[in-house]
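The values are calculated or read from the model by the stated rules, or taken from the named source; none is laboratory data. All values derive from a computational prediction rather than experimental measurement. Counting neighbours? That spans all protein chains shown, and the Cβs are built from the backbone with ideal geometry, glycine included. Each accessible area value is taken on the protein alone, full model and side chains, heavy atoms only, with ligands, DNA and RNA left out. Shrake-Rupley method; radii C 1.70, N 1.55, O 1.52, S 1.80 Å.
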Amino acid sequence: MTHHWGYVGALVSAVLFGVSSTLNKIALETVNPLIVAGLIYFVGGVLLFTIHLSPLHKKILSLFETPTETETKISKKDYGVLAFVILCGSIIAPFMLLQGLNETTAINTALLLNTESLFTVLIAFAFLQERGAKKDYFGILLLLVGVIFITTNGEFQKLTLTTEVTGNLLIVGACLFWGIDNNLSKFLSKKRDIIMITGLKCFIGGAVLLIMSLILEISFNVPLVSIPYILSVGAFSIAFSILLFLFALREIGSMRTGVIFSISSLFGAVFAFAILRETFSLTQFLAGLIMLSGVYILYRK
């Protein structure tokens, strides 16, 4: 594979994750949010470990072979990084997000979730010394502007950032931990067996979230009608999306992968329009074009 497959991986990862907002919304009508989060991560982990033990393992890894050098061995230090990644991205961030959702408005949440991309870029710039050409920063700016208008539909007058302060800070905190997760995952993406790395991240994170649900005495009642949505999100929007995200990190770095992944909000809006018949305004359409222009500028040499 050539280097441009890193951009393809980031885009496909964003598309798969974008589907999750619609499917999760259907599942959340009858299942507690923490249970949904735990189950989708757990399902993703089980699927990836099943692949790891099957003949498909080597075939899939061969598809990820690129000129980029990979490491075959996973050291104790790598497991330490993985543990911190799971803690930040699969446990703390989802928990803070769920708590924040209960204390702020939907439009506040939609806007503030965009800070994940911003934190990813800033951390990559400050600590990983990732740099880009002037056109890269212009592309990043277009993506960030586009995602703000996609998620708010330009209705900034409905924002109440100064009133639901606790909920807003929890969401920003969740995005900070996801930004840390995204950048630390770059080191793990250098490992050849990213299937096992992703499987561990999903399985352990999901198991901990489910244990937290037991401790908090949350009902595990999951109606049969919700199971297909949970399985679909776990398989595609978590397992394969994170797997492709790691591949993109390996090829194009944290900064580019993080901002390209933000385009998942565009696909989320499109799927919500197609499946749930939610509105998709002219403002969102134009914002989507701006985001796609940003991706093109990043990709163009």
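Some notes on this structure:
- Charge dipole (Cα centre; +1 on Lys/Arg Cβ, -1 on Asp/Glu Cβ; no other charges) of the chain amounts to roughly 900 debye.
- Counting only heavy atoms of the protein chains and using a 1.4 Å probe, Glu116 has close to 40 Å² of accessible surface.
- Nearest-10 value in Å² for the accessible area of Leu56, using the 1.4 Å probe: 90
- Multiplying the residue separation of Val225 and Ala106 by 0.36 nm and subtracting their alpha-carbon distance yields 40.3 nm.
- Residue ranking by accessible heavy-atom surface, 1.4 Å probe, largest first, among Lys191, Lys77 comes out as Lys77, Lys191.
- Between Thr30 and Ser293, the contour length at 0.36 nm per residue exceeds the Cα-Cα span by 90.8 nm.
- Against the rule of thumb 2.2 N^0.38 Å, how large the Cα Rg of the chain comes out: 0.96
- Qualifying lysines (Cα of each under 25 Å from Cα of Lys191; at least 8 residues distant if same chain): Lys58, Lys59, Lys73, Lys76, Lys77, Lys201
- Backbone amide hydrogens, once placed in the peptide plane, bring Glu71 within less than 5 Å of Lys191, Arg192, excluding anything fewer than 5 places away on its chain.
- Partner lysines whose Cα lies under 20 Å from the Cα of Lys134, excluding those fewer than 8 positions away in the same chain, are identified as Lys301.
- Part-to-part distance (alpha-carbon centres) for segment 278-301 and segment 197-252, which is given in Å: 28
- FRET E, pair Glu155, Lys135, Förster distance 22 Å, beta-carbon r, rounded to 0.05: 0.10
- Positive-pole candidate from Gly6, Ile148, Leu82, dipole of the chain, charges at beta carbon: Gly6
- Share of carbon and sulfur in the accessible heavy-atom surface of segment 1-127 [1.4 Å probe, %]: 71
- Couplings 3J(HN,Hα) for segment 57-66, derived from phi with the Karplus relation 6.51 cos²θ - 1.76 cosθ + 1.60 (θ = phi - 60°), are 3, 5, 5, 5, 4, 5, 5, 8, 5, 9 Hz, where x marks Gly and Pro.
- Residues in segment 186-297 average 42 Å² of solvent-accessible surface per residue, probe 1.4 Å, ligands and nucleic acids excluded.
- Of the residues Val36, Ile51, Ile107, the one whose Cα sits farthest toward the positive end of the charge dipole of segment 1-135, with +1 on the Cβ of Lys and Arg and -1 on the Cβ of Asp and Glu, is Ile51.
- Cut-off 18 Å, label 7 Å out along Cα→Cβ of Thr163, residues of segment 106-127 by amide N: 106-112
- Accessible surface, per residue, of segment 44-114 when the full set of protein chains is kept, probe 1.4 Å, Å²: 56
- One Cα centroid belongs to segment 61-110, the other to segment 1-51; the line between them spans 12 Å.
- Simple label model, 7 Å out from Cα along Cβ direction - Phe280 to Val145, nm: 2.3
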